[in-house]
Amino acid sequence: MFARLVYESFRRQKRRKLLAGAAITLGVAVTTAMLGVATDIGDKISRELRTYGANILVTPVDDSLDVRIGGVNLKPANDGGYLNEADLPKIKGLFWRNNILGFAPMLPVTISLGTADGAPPTSAELVGTYFAHTVRYGTEQFTTGVRTTHPWWKVTGKWPEDSSRDVLLGTTLAATLHKHAEDTIEINGKLTYKVAGLLSTGGPDDSRIYAPLAVAQQILGKPGVVRNIYVSAITKPEDDFGRRDPKTLKGDVYDRWYCSPYAASIAYQLQEAIPNSRAEQIRQVAQNEGNVLSRIKGLMLLIAIAALVAAALAVSSAMATAILERRSEVGLMRALGAGSLPVGALFFAEAALLALLGGCLGFAIGSVLAHQIGKSIFDQQISIQPVLFPYILGVAVLVTYAGSAISIRRALQLNPAHVLRGEG
C-alpha cells in the first residue's frame, strides 16, 4: 500500500517534479564533473607543468660539500666532482621509472671564441648535453634530452644531432659574434664547429653554446663524465608526510614514503641509482605545482558546493509549492488517522525517488562533461571512477532532503480541521 501511495503521489504534479528533478540533475552533473576532474587531475597538471622545466636536479656529492672554518671556505679550488655518463640509463630502473618523462645531463666548459673582426677571443661557456639522445636500459630503449626537459627552448634553424659536432648558439652570443645559423665558429683557436641553430630562452642560456655531450667531454679532456643532470618527473604534490626525513622512517611507514611519487622520494631513488650523487627537488618548481593544484582543486570544490546549494534552493522552492497545492491531501490523511511519521515518510520517499532518478541522470551527464573538460583543457581523457557513483547518489539524496525538509516539516504541522475548512 505504501509503495502504491508513493507511486501515485510521485506521478502527480509532473511539472513540479520535472523542475525539481532538473535542478537535482544539473547540480549532480556539475558536482560529478568537478569531483571527477579533481580526483584525476594530479598527473595531468603535473604533465602540463613539466612544460616549465625539470623539477629534480642531480649533482655530484663533491659539489654539495662546503668546508668552512672561521668563515673561510677551505674547499679545494678545483672544477668540482663529476658523475659517470654510463650510470644515466639506471634512471629508467627506478621504482617510479614510468614517472620519469626525461632527463638531460649537463657538462659546462669554459672556452674562448674567435671573433670575425680580429678582436681578442671572447670567453664563453659551452654546455654539453643530450638533445634527443637514444639510451638503452636492459631491453628498453628510449629517447631523452633537453628537447624533453626544456620544451620552452626556441630554436631558429635546426637542432643538432647528438652524434654530430654541430652546436646551438645563444641569440645574445650570436649577436655579439655576428653569427647566424649555418655559420661556423672557432673554439679555443683551433676547433671549428657548425652552428646548426640559434637558441632563444629569454634567460642566461642565450649567452651560452650548447653542444652534444661528447663534444664538451672532448674539449674538457674527460670522456664519459657529466656535471649534473636535470630530471623531469611526474610527482605528487608535497604534503607533511612527503617532507619527512626517510632516515627517521622504518618498516611500513618507510615503504609507504618510498613508494609514493613525491619529488623527494624520487630524488632519493635517484641517489641510490647513481653513485656519488646528490639529488634534490627544484623547490620553486615543486612548490608551484602544489600551489597550482591545490588552488584548482579548491576552485572545483567551490563550484561543486555552489551547484549543490543552488540545487537545494531550487528543490526547496519546488517542494514548497507542491506541498502548498497538496494541503487538502495532507489534511485528509491526518484526519483519517495518519500520524506525522507515515505522512513524512511518504514525502521523504517521494523526494528520495526523485533524488535517485536525478542523481543517475546527473552522474551520466557529469561523466560526459568531465570527459569534455579533460579533452579541451588537458587534451587527455578524464576517467570517472565507478566508486564515485554511490557517493554521488548519496549527495543527491542529502541535497534533496535538505531542500525538502523545511517544506515537509511545515506540512506535518498543518491542522487538519483548519485545512479541510479551507482556513489553513
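Length gain on complete extension for the stretch S112 to L302, per 0.36 nm per residue less the alpha carbon to alpha carbon distance?
Values: separation 190, 0.36 × 190 = 68.40 nm, distance 5.80 nm.
That works out to 62.6 nm of additional length.
For the listed peptides 238-247, 188-197, a ranking on the average number of other beta carbons within 10 Å per residue, highest first, reads 188-197, 238-247.
Packing here is the average count of other Cβ atoms within 10 Å per residue, and on that basis the peptides 250-256, 17-23, highest first, run 17-23, 250-256. Extending 7 Å from Cα along the Cβ direction at V135 and again at R295 yields two label points whose distance is 3.3 nm.
Taking 0.36 nm per residue of sequence separation and subtracting the Cα-Cα distance, how much length would be gained by fully extending the chain between T321 and Q218, in nm to one decimal?
Numbers: separation 103, 0.36 × 103 = 37.08 nm, distance 8.49 nm.
Extending this stretch completely gives an extra 28.6 nm.
Computed extension gain for S383 through T192, at 0.36 nm per residue and net of the alpha carbon distance, reaches 63.4 nm.
Applying 1/(1 + (r/R0)^6) with R0 = 30 Å to the Cβ-Cβ distance of V368 and L18, what FRET efficiency is obtained, to the nearest 0.05? If you can, show how the numbers build up before the last one.
Details: r = 21 Å, r/R0 = 0.70.
The computed FRET efficiency comes out at 0.90.
If R0 is taken as 22 Å, the Cβ-Cβ distance between Y258 and N99 corresponds to a FRET efficiency of 0.95.
Given a Förster distance of 56 Å, report the FRET efficiency between S163 and C360 from their Cβ-Cβ distance, rounded to the nearest 0.05.
On the way: r = 59 Å, r/R0 = 1.06.
With a Förster radius of 56 Å, E is 0.40.
Here region 55-281 is described by how far its Cα atoms reach on the three principal axes: 67, 49, 31 Å, from widest to narrowest.
Laboratory data are not the source of any read-out in this text; all were calculated from the coordinates shown. Quick caveat: nothing in here was measured; it's all calculated off a predicted structure. In this analysis, Cβ positions are derived from the backbone assuming ideal geometry, glycine residues included, and neighbour counts consider all displayed protein chains.
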